[in-house]
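Asker: Have a look at this one before I ask anything.
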Amino acid sequence: MDILNLFKEGGPAMWPLLALSILSLSVIFERLWFWLRILTQEKEIVERVLDAAQDNWELASEIAQRATDQPIGRFLYAPLRLQKIDAETFRLALESTAEDELAGMRRGEKVLEAVITLAPLLGLLGTVLGLIDTLKAINIGDIATGGGAAATRGIGQSLISTAAGLIVAIASLVFYRLFQGFVVNQVKLFHKAGNELELLYRQFPPNFTNSTSAMLSETTRDSYTPSSKPSTSRFPQPPEPPNQS
C-alpha cells in the first residue's frame, strides 16, 4: 500500500497533519542551516578575539567587527565598539547583547512546540471520526453472517491518522530537543567568552579615556595659545596717527 492510499484512508484529519508536517520541516531545515553555520566558526572567532585582546584591543575590535555576521561576533564586538567605557558598562554591553542573541537562537521553538502538541490530538480526532463512520456502517446482522472483517478493516484504517500524528510529533520533538541542547551550549560559550574578555579588560584595560583627554588638552592648548604670527586679515588696517611732538 503506497503513501497516497494511506493518506486517503486516513480521513480528513490528514490534511491538517500534512500542513503541520510541512511547517515543522521548514523550521527544522532553517534551524539546521543556522546552527551549521554557527557551530563551525564560533570557537575560532572567540580564540582570535581573545588572543588579540591580550596585546592590542584595536585589533581585537577589528576581528570582532569582521565576524558580526555571527552571534558570537556581535556579542564580543558589543563592548569593544564603545569609545569610552568602564568595567560596569563593559559588563552591561555583554549581558544585553547576549540576551538578544540567545532570543534569536530560540526562534522557531514555539512553532515546534505547537506541532508537538497539536499533531497527536489531530491524529486522535481523525481516529475518532473514522470509528464513528465505521460503527455507523456496521449492522448486527452483518457481524453474524461474517461481515466483521469489513468492520475490522475500517477500524484499522481509522488508526492511520493517529499513527501519522504521532510520527509528526515525535520527529518534531527530536529536533526540538536537539535545538534546545544547542542553545544551552551557546549559553555556556557566551558566559565563558564574556568572562574571559572582561577579565582581560580588567587586567589590560584599553587607555581610551587617557588618550581622549590628551587629545582634548592638546586641542585646547593650541586653540588658546596666543599666536606669534603677524595678522593676515584681509581688511586694511587703519594708519597709525602721526607722532605730534
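Asker: When you go through (1) surrounded by 17 or more Cβ atoms within 10 Å (Cβ to Cβ); (2) in contact (Cβ under 8 Å) with a residue 60 or more places away in the chain one by one for residue 54, which number turns out not to apply?
Answerer: Going through the list (1) surrounded by 17 or more Cβ atoms within 10 Å (Cβ to Cβ); (2) in contact (Cβ under 8 Å) with a residue 60 or more places away in the chain, residue 54 breaks only (1).
Asker: Kindly establish whether residue 44 is closer than 30 Å to residue 64 by Cβ, modelled with pLDDT of 95 or more and acidic (Asp, Glu).
Answerer: no
Asker: Would you check if there is a residue in region 12-23 being polar (S, T, N, Q) and farther than 30 Å from residue 127 by Cα?
Answerer: Among the residues of region 12-23, not one is polar (S, T, N, Q) and farther than 30 Å from residue 127 by Cα, which makes the answer no.
Asker: Here are the criteria: (1) in a helix (DSSP H, G or I); (2) under 14 Å from residue 205 (Cα atoms); (3) among the β-branched types (Val, Ile, Thr). Tell me which single one residue 85 does not satisfy.
Answerer: Evaluating residue 85 over (1) in a helix (DSSP H, G or I); (2) under 14 Å from residue 205 (Cα atoms); (3) among the β-branched types (Val, Ile, Thr) leaves (1) as the failure.
Asker: Can you tell me which residue in region 80-96 is modelled with the lowest pLDDT, limited to those that are among the aliphatic types (A, V, I, L, M) and closer than 13 Å to residue 198 by Cβ?
Answerer: Checked region 80-96; the qualifying residue modelled with the lowest pLDDT is 85.
Asker: Quick check on residue 45: is it assigned to a helix (DSSP H, G or I) and β-branched (Val, Ile, Thr)?
Answerer: yes
Asker: Can you find even one residue in region 72-79 that is at pLDDT below 95, more than 18 Å from the chain's Cα centre (by Cα) and crowded, with 17+ Cβ neighbours inside 10 Å?
Answerer: Yes: region 72-79 contains one or more residues that are at pLDDT below 95, more than 18 Å from the chain's Cα centre (by Cα) and crowded, with 17+ Cβ neighbours inside 10 Å.
Asker: Looking only at region 1-30, how many residues end up being acidic (Asp, Glu) and either assigned to a loop (DSSP other than H, G, I, E, B) or modelled with pLDDT of 85 or more (or both)?
Answerer: Residues flagged as acidic (Asp, Glu) and either assigned to a loop (DSSP other than H, G, I, E, B) or modelled with pLDDT of 85 or more (or both) within region 1-30 amount to 2.
Asker: With respect to residue 116, determine if the residue is modelled with pLDDT of 95 or more, within 40 Å of the chain's Cα centre (by Cα) and buried (at least 18 other Cβ atoms within 10 Å of the Cβ). Show your work before the answer.
Answerer: Numbers: modelled with pLDDT of 95 or more: yes; within 40 Å of the chain's Cα centre (by Cα): yes; buried (at least 18 other Cβ atoms within 10 Å of the Cβ): yes.
Here the answer is yes, as residue 116 does meet what is asked.
The values are calculated or read from the model by the stated rules, or taken from the named source; none is laboratory data. A quick note: this is a predicted structure, and the numbers were derived from the prediction, not measured. Neighbour counts are summed over all protein chains in view; Cβ atoms, including those assigned to glycine, are modelled from backbone coordinates with ideal geometry.
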